[in-house]
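One structure below.
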Amino acid sequence: MKKLSVRKLGLLSALYFVQGMPFGFQATALPVYLRMQGVSVGAIGFIGLLALPWLFKALWAPLVDRYGSARIGRRKSWILPLQAALAATCAVAAFVPVEGALPALLGLIFLMNLFAATQDIAVDGFAVDSLRPEELGFGNAAQVVGYKLGMLTGGGLLVWASQYIGWKGLFLSMAALSLSVFTLMAFTREPAPRESSGSEERKSWREVLGQLKEALLLPGTAWMLLFIGTYKLGETMSDVLYKLFLVDAGIRPEQIGLWVGTWGQGASILGSALGGLLATRVPLFRALALTTTLRLFPLLGRWWLAQTGVTEAGVIGVTIAEEFFGGALTTVVFAFMMSRVDRRVGATHYTLFASIEVAGKAPAGPIAGQLFDRAHWSYAQVFLLGAGLSAAFLFLLLPLREQKDAPAPQPSS
């Protein structure tokens, strides 16, 4: 790979890193904290609503495609102010008391997700504009690995360090890291898109929406959207209750932070990197079939833990395996999504795919929480349902087989 490409992938990884920190704190640290405060499993299942900006970001993605400063950089002119806003929100959160001001803290986490999700639109557009076809596997590995490193930092390392630096130090560290990447981006010249995509002149709303409509009317798109929207549903139902299951099983929060938030995320990062390598070495459809099948085994492992009892070796083994294969699958899916993007409306088209991916996972938390609280299902029953849904997803690969070699949409001249 050319040296320029290595620098480009490093920059992408850093940008996705800062986007992953707030979500890492929300997904890993916040549920444990709330459960320790006695909040019900059903209520905790709804904290995923704080990530609604990731679901609805497609609504304002056309703004990012249509507007931007040519002098600063089409994508950079969005990324810089959003990074500054994210850093400022983290700094404000540092001065919110951990106890007694939960609504304010949740509101700030929502804002962090809003700024990070909007930045993600611009960064995705930057990736679509600049990555060559042979770089998609590595580019999406940089995307997923960078994001998960941010999650590991916000939900694992900084939470662990909070015993020394406090919650104030945790959020101030997130703000400082965001400003570091802001500085890196400020001194980076945005490269021109690798292909002409009509971005030299500002498009009208009619052109943006018309080009998006063309992309969505391509044969096989409906199956593609159904695939993106369902492949993580069962896994996410299991994920939402897994940390709560460990708390109720008597595992200490610092152990959960180490095993799930740190070692688990490390395994996920390794899996994501190897998933990117896999996506460059074998056809994407074959990589999808392999990673979705392998993911089933650790999901069944969670059911086995709930049935037979928790042991240190069992928790660590199942956690690492699930995070590893889940990470590999995510990278392969994102590479598959990017291979189907029309670069004329790259940010909007990819963001639509990404929003549908988030929408498919969104009901998982409330459903799992209500099955546990209202229907009185056991953890084992919910874990088995999650594994069953993930197995059923494999049948959705069948209609995609015919499109597996279809070319990605290309900009028209």
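Numbers for the structure displayed
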| item | result |
| --- | --- |
| Enumerated helices (runs of 4 or more DSSP H) restricted to the stretch 302-404, each holding at least 2 residues that are hydroxyl-bearing (Ser, Thr, Tyr), farther than 30 Å from GLY257 by Cα and open to solvent by less than 10 Å² (accessible area, probe 1.4 Å) | 346-361 |
| Close pairs (7 angstrom Cβ cut-off, 6 or more residues apart or separate chains): closer than 17 Å to VAL41 by Cα in the stretch 376-390, crowded, with 17+ Cβ neighbours inside 10 Å and of a type in the set (Lys, Arg) anywhere | PHE383/ARG302 |
| When residues of the stretch 135-182 are limited to those that are hydroxyl-bearing (Ser, Thr, Tyr) and crowded, with 24+ Cβ neighbours inside 10 Å, the one nearest to LEU30 (Cα to Cα) | THR153 |
| Selected residue [open to solvent by 10 Å² or more (accessible area, probe 1.4 Å), touching a strand residue (DSSP E or B) at 6+ places or on another chain (Cβ under 8 Å) and hydroxyl-bearing (Ser, Thr, Tyr)] from SER77, SER69 | SER77 |
| Meets criteria (closer than 28 Å to LEU30 by Cβ and at pLDDT below 90) for THR319 | no |
| Near pairs, Cβ below 8 angstrom, 6+ apart or cross-chain, from the stretch 146-174 (touching a residue at least 12 places away in the same chain (Cβ under 8 Å)) to any residue that is among the basic types (Lys, Arg) and surrounded by 19 or more Cβ atoms within 10 Å (Cβ to Cβ) | none |
| Selection from the stretch 375-391 of residues that are within 13 Å of ARG295 (Cβ to Cβ) and polar (S, T, N, Q) | SER390 |
| Top-ranked residue in the stretch 93-112 [being closer than 18 Å to LEU158 by Cα, out of contact with any Leu (no Cβ under 6 Å at 6 or more places or on another chain) and without any contact (Cβ under 8 Å) to a residue 40 or more places away in the chain; ranked as surrounded by the fewest Cβ atoms within 10 Å (Cβ to Cβ)] | PRO97 |
| Index of the failed condition, TRP263 passing every other in (1) at pLDDT 85 or above; (2) surrounded by 20 or more Cβ atoms within 10 Å (Cβ to Cβ) | (2) |
| The lone exception for GLY250 - which of (1) under 23 Å from GLY365 (Cα atoms); (2) part of a helix (DSSP H, G or I); (3) open to solvent by 40 Å² or more (accessible area, probe 1.4 Å) it fails | (2) |
| Residue check, GLU235 surrounded by fewer than 22 Cβ atoms within 10 Å (Cβ to Cβ), of a type in the set (D, E, K, R) and touching a residue at least 24 places away in the same chain (Cβ under 8 Å) | no |
| Residue check, GLY155 modelled with pLDDT of 80 or more and either of a type in the set (A, V, I, L, M) or part of a helix (DSSP H, G or I) (or both) | no |
| Contacts under 6 angstrom Cβ, first residue in the stretch 239-261 being over 14 Å from LEU305 (Cα atoms), partner of a type in the set (S, T, N, Q) and buried (at least 16 other Cβ atoms within 10 Å of the Cβ), 6 or more apart | TRP259/THR319; VAL260/THR319; GLY261/THR28 |
| Check on LEU288, over 22 Å from TYR350 (Cα atoms) and out of contact with any strand residue (DSSP E or B) (no Cβ under 7 Å at 6 or more places or on another chain) | no |
| Qualifying residue in the stretch 24-40 (condition: more than 22 Å from the chain's Cα centre (by Cα), in contact (Cβ under 8 Å) with a residue 40 or more places away in the chain, within 25 Å of ALA362 (Cα to Cα) and part of a helix (DSSP H, G or I)) | yes |
| Selection from the stretch 266-300 of residues that are at pLDDT 90 or above, among the polar types (S, T, N, Q) and within 20 Å of the chain's Cα centre (by Cα) | THR291, THR292 |
| Pair list, Cβ under 6 Å, 6 or more apart: the stretch 292-319 residue closer than 13 Å to PHE383 by Cβ, other residue open to solvent by less than 60 Å² (accessible area, probe 1.4 Å) and assigned to a loop (DSSP other than H, G, I, E, B) | VAL310/ALA249 |
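The values are calculated or read from the model by the stated rules, or taken from the named source; none is laboratory data. Source: prediction; values computed, not measured. Every residue, glycine as well, gets a Cβ built from its backbone with ideal geometry; the counts of neighbours run over all protein chains shown. In case anyone asks, the SASA skips ligands and DNA or RNA and just uses the protein heavy atoms, side chains included. Shrake-Rupley method; radii C 1.70, N 1.55, O 1.52, S 1.80 Å.
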